[in-house]
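Have a look at the structure below before the remarks.
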2 protein chains.
Amino acid sequence: MPKRKNIFCDTHVIDREKVERISKIMLDDSTTLDLAEIFRTLGDSTRIKILFALSKTEFCVCDLSSLLNISSSAISHQLRFLRALRLVKPAKKGRIVHYSLDDKHILKLFEEGLKHVRHK
Amino acid sequence: MPKRKNIFCDTHVIDREKVERISKIMLDDSTTLDLAEIFRTLGDSTRIKILFALSKTEFCVCDLSSLLNISSSAISHQLRFLRALRLVKPAKKGRIVHYSLDDKHILKLFEEGLKHVRHK
DNA sequence: GCGATAAATGAACAAATGTTCATATATGGG
DNA sequence: CCCATATATGAACATTTGTTCATTTATCGC
């Protein structure tokens, strides 16, 4: 018997009118990617904990490492990540770098997420 | 010269009082994991587009496949994922399965995310 | 029942992601 | 100046994640 790929649905449409209507109001790729990026950033336990801690008060790498029980190297890498997205900002004081939230707006997302988690 | 690991910060604390204070109000692991899971779910372009489309009207796999230009198999896998998290629900009508949002609350998160993306 | 097709799924594969380890850089104290 | 140490970083590695492909299941029309 001949092997056949499941290509029907990829070329067929059930409700063409609907597909075309929604197609016109779909999120554009750029917005979608930006959205995915910000959500993906919050989709990691370590980063969530870092952001939560920084929402309370500023922290240096060392103390975050101690607070979260994660190597300072790992913390540093994640902070680099968060810095690139301008979610946190560093303030150097001697050898110690104090990190704080750069974008308070992220907390709104956080709160909504918490509501969601607690509500289900 | 002897190789030495960077273990200082992992055992040392700069501001012990602060670490202990925040430690008491830290998110617990379970909540953190739940949060990470929901954000990670939204951290994928395909799933974002599926959820956005379903926020407008219900869709079958076939039409989603056509709308997003993604194989029906990929759509099906993602829907399975979203179903497991109770974000979407299926309604079978003959051979066709119509999916719709199961958790409207997720839209709040969505909106906050959009605000964030557009505001920066 | 049989053939067509919408949807689901397991397995293989590919790509992205996060951690660890070793090392480098920078700064303050002696 | 050294030396200790707070932070940063590159590379290797392991894990997770998402897609594709082949196949299966379920349902409709004949």
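Rule-based calculations on the coordinates, nothing more; no lab input. Predicted model, so just to flag it, every value in this text is computed and none were measured. Note that each Cβ is placed from the backbone with ideal geometry, even for glycine, and that neighbours are counted across all protein chains shown.
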* Structure fact -> Per the helix-only model, chain B has a calculated mean residue ellipticity at 222 nm (DSSP H runs of ≥4, -39500 (n - 2.57) each, divided over all residues, rounded to the nearest 500) of -19000 deg cm²/dmol
* Using a 10 Å cut-off on Cβ to Cβ distances, tally the other chain neighbours for every residue of A:43-54 and report the average as a whole number. => 5
* **Copies compared at residue A:107 - label distances in nm, ascending, label defined 7 Å from Cα in the Cβ direction** => 2.8
* Pairing the Cα long axis of helix B:45-56 with the longest principal axis of chain B, what angle in degrees results, from 0 to 90 and rounded to the nearest 10? -> 50 degrees
* How far is residue A:12 from the same spot in each other copy, in nm, shortest first, if each label point sits 7 Å from Cα toward Cβ? -> 6.8
* Residue by residue through region A:12-18, which ³J(HN,Hα) values in whole Hz follow from phi under the Karplus form 6.51 cos²θ - 1.76 cosθ + 1.60 (θ = phi - 60°), with glycine and proline marked x? -> 9, 9, 7, 10, 4, 4, 5
* Structure fact -> For chain B, one quarter of the surface area of the C-alpha convex hull, expressed in nm², comes to 13.4 nm²
* Asked: Got a sec to turn the phi values of region A:19-32 into Karplus ³J(HN,Hα) couplings, 6.51 cos²θ - 1.76 cosθ + 1.60 with θ = phi - 60°, whole Hz, x for Gly and Pro?
  -> 4, 5, 5, 6, 3, 6, 10, 5, 4, 6, 4, 4, 4, 4
* Would you grab the residues whose amide H sits under 5 Å from the one on residue A:98? Only those 5+ places off in sequence or on another chain, please, with H modelled 1.01 Å from N. => A:91, A:92, A:93
* Placing a label point 7 Å from Cα toward Cβ, how far apart in nm is residue B:73 from its equivalents in the other copies, listed shortest first to one decimal? -> 3.9
* Of A:18/A:115; A:18/A:108; A:56/B:24, which sit over 22 Å apart, Cα to Cα? -> A:18/A:115; A:18/A:108
* Quote the relative contact order of chain A in percent (integer), defining contacts as alpha-carbon pairs under 8 Å separated by 6+ residues. => 19 percent
* Tell me, what ³J(HN,Hα) does each residue in region A:59-71 have, in order and in whole Hz, if you take phi through Karplus 6.51 cos²θ - 1.76 cosθ + 1.60 with θ = phi - 60° and put x for Gly and Pro? -> 9, 8, 3, 4, 6, 4, 4, 5, 4, 9, 6, 9, 4
* Asked: For helix A:106-119, what angle does its Cα long axis make with the longest principal axis of chain A, in degrees from 0 to 90 and rounded to 10?
  -> 70 degrees
